[in-house]
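First up is the structure itself, then whatever we jot down about it.
The values are calculated or read from the model by the stated rules, or taken from the named source; none is laboratory data. Source: prediction; values computed, not measured. Glycine also receives a Cβ, built like all others from the backbone with ideal geometry; neighbour counts cover every protein chain displayed. Quick note on the areas: whole protein, heavy atoms, side chains included, nothing else; ligands and nucleic acids left out. Shrake-Rupley method; radii C 1.70, N 1.55, O 1.52, S 1.80 Å.
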Amino acid sequence: MEKEKKKLTPEQVRERNISLSLTVGVILLLIGGLVLATSSWEKMNHLMKVLSIGGVSLLFFGISYIAGTYLKIEKTAFAFLTLASLLIPVTFVGIGYFQLFGEWLSLFGEGKYILGVIATLICFPLYTWIAIQNKNRLFIWLSLFTLTVMTGFVLAALYVPIDVFYFGMIIYNGLLLAGYHYYKSDQRVMNFTQELPLFTQANLIISTLLMLVFFQNHLLYSVNILLTAVMYIAIVFVYNRKEFHIVFSLLFVYGMYQLLENTFLQPLNYLGFALIGIIYILLEDRIADGFLKKVFRVTSGIVSGLAFLYISFEGLVVRADEKSIVYY
């Protein structure tokens, strides 16, 4: 039995026809612009090249406004609004590449990070406004991503060591976590807080992977790893993602190893390794969740056993001739 085709209402037919007409018109306009650009791009000066990109963005903003305000076709208006918004960072890339703000404030100058801060300062409120007005998930993620990039540019503009940069990003992730905890019931930002758990987890995972590969100072490196471990255990409780206790345990043990083996605490490394298992016992006593209590109890036993084997191997084989009060 054949399904009957769904009949469109006169209003839907009108909206479809107008959308098609606008789309065809824009496609013809873009083809004309592409032909013009390819035929005379080399003859255009740098300013005209950037203005042409920015002009397309303004054109799309105008079409979006007309489609939404006068023609009442919301989907078409939002599509052009999206295209216009995404062309803004492209325009700033062009400004930096062609050095329109000078050599210092360009993609290759010393002020490239300041240029990034300026671009994100313009994009972030725009994306946030669009996200609030349209309750759109794409722009919510774009807003959060732009905020993260802006934070990175601010830290990079200070030319801090890479370990301090990651420390700042960990603090930023912690603020996102705290923001979710305190504002998750606030209806005004509900659309944003609903996306924060997944975004924060993805953001933290990327930061963790980069941090584990690129570092300079062992002390700051170990502190960053331990702070990241704290972030993961916070995710376990705030977002109720119990699987992240595995990441917490691995990072915490690795961070303690780095701290005790490669810093001024090295003379006390044996004592420190023995105390790691006790820390898990303390965590077990503070947690009410039965599953996590069992996990931390088992982890404490495994870590304590590994610490005993490591200390025994170090003391009996590697450092048999060395005298150590802590070991004895």
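Rounded to the nearest whole Å², what accessible area per residue is found for segment 86-143 with the 1.4 Å probe?
In whole numbers, segment 86-143 has 55 Å² accessible per residue.
Starting from the Cα gyration tensor of segment 101-168, take the square roots of the eigenvalues, sort them a ≥ b ≥ c, and report rounded, prolate or oblate (rounded when a/c is under 1.5, otherwise prolate if a/b is larger than b/c, else oblate).
oblate
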Note to self: Just to confirm a number: summing +1 for Lys and Arg and -1 for Asp and Glu over residues other than L100 whose beta-carbon lies under 15 angstrom from that of L100, what do you get?
What the structure shows: +1
Next item on the list: Heavy atoms only, probe 1.4 angstrom, no DNA, RNA or ligands counted: give me D186, D163 ranked by accessible area, highest first.
Entry: D186, D163
Next item on the list: Would you list the P(r) distribution for segment 180-297, with all Cα-Cα distances sorted into 5 Å bins from 0 and each bin expressed as a whole %?
Entry: 2, 10, 18, 19, 16, 16, 10, 5, 2, 1, 0
Checklist line | Neighbour-limited loop hits for GluC sites (Glu not before Pro), segment 73-162 (at most 16 other Cβ within 10 Å; DSSP other than H, G, I, E, B) | finding: E103, E110
Notebook entry, point to check: Here are some pairs, K75/K112; K49/K135; K49/K112; K75/K135; which of them have Cα atoms lying more than 25 Å apart in this structure?
Noted result: K75/K112; K49/K135
Notebook entry, point to check: Carbon and sulfur atoms: what percent of the 1.4 Å accessible area of segment 102-175 do they account for?
Noted result: 75
Note to self: Taking the Kirkwood radius as the inverse of the mean 1/r across Cα pairs, report the Rg/Rh of segment 83-236.
What the structure shows: 1.00
Checklist line | Overall Cα dimensions of segment 167-227, principal axis frame, Å, largest first | finding: 43, 17, 13
